[in-house]
Ligand SMILES: Cc1cc2nc3c(=O)[nH]c(=O)nc-3n(C[C@H](O)[C@H](O)[C@H](O)COP(=O)(O)OP(=O)(O)OC[C@H]3O[C@@H](n4cnc5c(N)ncnc54)[C@H](O)[C@@H]3O)c2cc1C
């Protein structure tokens, strides 16, 4: 396998832009303006929020302000796992009781189908294939975690998931050394850029105003401030996820965590025959520093993992370029999973940022005294979660403005959740790098010394990082 051929692209935002190129940006904000709702950030959160608000109340004047172009962030770079995971569910069970967390999980299960249904209704062809999620274990310690994870998910009311042994796993996808897997139907593969582009065009068609190349430098009650003018609105919704730290006063709110991906060249029929993967499930594993992958619509494998997790001072990248060491590490995982692909070419590599709150819990909030709202902190699970968050923001705005009352969504336990800020540097950098170094060491140890107990190192890292 090689990543050094001339056709190898590192960055370019992401592989998902390779076919159509980077979109021509919409007009920036021409000067001061007013709106009923101003949304900062043109990713899934911002665009879904605009979509649902406009659908519910077509008279609302909604403006989206995007620093580059819609889909510039994680929504244009992700692994395309549309699935039912939500960051912080177990913590919400502890804080608000099991029943509340089960409602959140149920809402997430429904959200996978909601995204698929709305995309179909709006004519957005995002290469969706609902093959479920397959998570494999390749060591005894991973298998023990997998079984515990499976039981845990069942306890949240998921009745339709399955546990497979080595043979049944290989019947779906032939991952080398797989000793078992768990499958849930609540997941689909999609092309993230086709979804975000389609959403932007759809909301524009509904009458939402989108200004691109318009960075918001400060958000304060009823104001979104940009170099070109200020948009005044009773509601200002912050949907900036991994970029939040760049806003005035938000440096330590959500830590920008990197995730990186590679894509192979389109694989041949013979290569697919060796691997299987006919069901096009999204594929993950149970390592502490886990991987995630999909079989793309054009028959490549797109595979991601953590790489360099965090840049000092909460800096974010520009064009998705990732380090060569990360490319090599992801390629190693690919070949470890599928040794028959040792000769296949990696054609693309890229990275993006996730938003990580101090307690790793996603939140949706509208501060009724200021009209400021936000949603995010999804960690690595935002493709579906953003949709649920957006419908919740819609309900919160409508409730606050007297257009509607409480709903099942405004009562979900992640609404209005508060969490402390991250530590200042250098503790932030040391903490996150220490955590991922420990995860990698724990994974290596579990591979070399196959006992069934999960490494105590990784458990300790979880506790220190606020995940445990
Ligand atoms: C490599 C990678 C792989 C991932 N894989 C998966 C996956 O397979 N499944 C899954 O569920 N989740 C995945 N995620 C997470 C998921 O993509 C995100 O949670 C989700 O896209 C977040 O959407 P968002 O709209 O909140 O944020 P973003 O998509 O990041 O959008 C934020 C937008 O705000 C804009 N912005 C930021 N600051 C400003 C400002 N000051 N002024 C104006 N505009 C601003 C940005 O340019 C950006 O367009 C992945 C993330 C990455 C990076």
Fill in the blank from the handout: Residue set 249, 242, 304; condition out of contact with any strand residue (DSSP E or B) (no Cβ under 7 Å at 6 or more places or on another chain) and either part of a loop (DSSP other than H, G, I, E, B) or within 11 Å of the ligand (Cβ to nearest atom) (or both); output residue 249
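Evaluate the range 223-235: report whether one residue or more is touching a helix residue (DSSP H, G or I) at 6+ places or on another chain (Cβ under 6 Å), touching a residue at least 24 places away in the same chain (Cβ under 8 Å) and buried (at least 24 other Cβ atoms within 10 Å of the Cβ).
Of the range 223-235, the ones touching a helix residue (DSSP H, G or I) at 6+ places or on another chain (Cβ under 6 Å) are 235.
Right, trim to touching a residue at least 24 places away in the same chain (Cβ under 8 Å) and you get 235.
After this cut, where a residue has to be buried (at least 24 other Cβ atoms within 10 Å of the Cβ) as well, the list is 235.
Among the residues of the range 223-235, at least one is touching a helix residue (DSSP H, G or I) at 6+ places or on another chain (Cβ under 6 Å), touching a residue at least 24 places away in the same chain (Cβ under 8 Å) and buried (at least 24 other Cβ atoms within 10 Å of the Cβ), which makes the answer yes.
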Exercise for the section: Confirm whether residue 169 is at pLDDT 95 or above, more than 15 Å from the ligand (Cβ to nearest atom), crowded, with 16+ Cβ neighbours inside 10 Å and outside any strand (DSSP E or B). Expected result: yes
Exercise for the section: Would you check if there is a residue in the range 9-19 being within 14 Å of the ligand (Cβ to nearest atom), modelled with pLDDT of 95 or more and part of a loop (DSSP other than H, G, I, E, B)? Expected result: yes
Completion exercise
Of the candidates 37, 24, the one satisfying the condition of being more than 13 Å from the ligand (Cβ to nearest atom) and crowded, with 22+ Cβ neighbours inside 10 Å is 37
Completion exercise
Of the residues in the range 392-405, those that are touching a helix residue (DSSP H, G or I) at 6+ places or on another chain (Cβ under 8 Å), modelled with pLDDT of 95 or more and surrounded by fewer than 24 Cβ atoms within 10 Å (Cβ to Cβ) number 1
Handout entry: Subset of the range 200-214 (residues that are within 14 Å of the ligand (Cβ to nearest atom) and in a helix (DSSP H, G or I))
Key = 200, 203
Problem - Odd one out for residue 101, checked against (1) touching a strand residue (DSSP E or B) at 6+ places or on another chain (Cβ under 7 Å); (2) crowded, with 21+ Cβ neighbours inside 10 Å; (3) at negative phi - result: (1)
Exercise for the section: Scan the range 55-74 and give yes if some residue there is under 30 Å from residue 186 (Cα atoms), near the ligand (Cβ under 6 Å from one of its atoms) and either within 11 Å of the chain's Cα centre (by Cα) or modelled with pLDDT under 95 (or both), otherwise no. Expected result: yes
Practice task
Inspect all residues belonging to the range 372-384 and state whether any of them is in contact with a strand residue (DSSP E or B) (Cβ under 7 Å, 6 or more places away or on another chain), at pLDDT 95 or above, within 16 Å of the ligand (Cβ to nearest atom) and on the phi > 0 side of the Ramachandran plot.
Solution key: yes
Practice task
Return yes when residue 125 is part of a loop (DSSP other than H, G, I, E, B), at pLDDT 95 or above and on the phi < 0 side of the Ramachandran plot and no when it is not.
Solution key: yes
Exercise for the section: Within the range 84-102, work out how many residues are closer than 25 Å to residue 254 by Cα and part of a helix (DSSP H, G or I). Expected result: 10
Exercise for the section: Please indicate, with yes or no, whether at least one residue in the range 75-90 is more than 10 Å from the ligand (Cβ to nearest atom), more than 18 Å from the chain's Cα centre (by Cα) and crowded, with 22+ Cβ neighbours inside 10 Å. Expected result: no
Problem - Residues satisfying the stated conditions in the range 276-289, i.e. surrounded by fewer than 23 Cβ atoms within 10 Å (Cβ to Cβ) and in contact with a helix residue (DSSP H, G or I) (Cβ under 7 Å, 6 or more places away or on another chain) - result: 276, 279, 289
Practice task
Take the range 341-357 and flag every residue that is farther than 26 Å from residue 420 by Cβ, in contact with a helix residue (DSSP H, G or I) (Cβ under 8 Å, 6 or more places away or on another chain) and in a strand (DSSP E or B).
Solution key: 346, 347, 348, 349, 350, 351
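Is it fair to say residue 178 is touching a residue at least 24 places away in the same chain (Cβ under 8 Å), crowded, with 21+ Cβ neighbours inside 10 Å and in a loop (DSSP other than H, G, I, E, B)? Step through it out loud before you land on a result.
Working: touching a residue at least 24 places away in the same chain (Cβ under 8 Å): yes; crowded, with 21+ Cβ neighbours inside 10 Å: yes; in a loop (DSSP other than H, G, I, E, B): yes.
The answer is yes for residue 178.
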Fill in the blank from the handout: Considering the range 328-371, residues that are out of contact with any strand residue (DSSP E or B) (no Cβ under 9 Å at 6 or more places or on another chain) and free of Cβ contacts under 8 Å to residues at least 24 places away in the same chain, and then whichever is nearest to residue 258 (Cα to Cα), we arrive at 332
Problem - Complete set of residues in the range 32-50 that are assigned to a loop (DSSP other than H, G, I, E, B) and on the phi < 0 side of the Ramachandran plot - result: 32, 35, 36, 42, 43
Exercise for the section: Check residue 261 against each of (1) within 18 Å of residue 354 (Cα to Cα); (2) more than 16 Å from the ligand (Cβ to nearest atom); (3) modelled with pLDDT of 95 or more and name the one condition it does not meet. Expected result: (2)
Exercise for the section: Mind listing whichever residues of the range 119-151 are free of Cβ contacts under 8 Å to residues at least 40 places away in the same chain and crowded, with 17+ Cβ neighbours inside 10 Å? Expected result: 150
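The values are calculated or read from the model by the stated rules, or taken from the named source; none is laboratory data. Small disclaimer: the values here were computed from a predicted structure and weren't measured. A quick note on method: Cβ atoms are made from the backbone with ideal geometry, for glycine too, and the neighbour counts reach across all protein chains shown.
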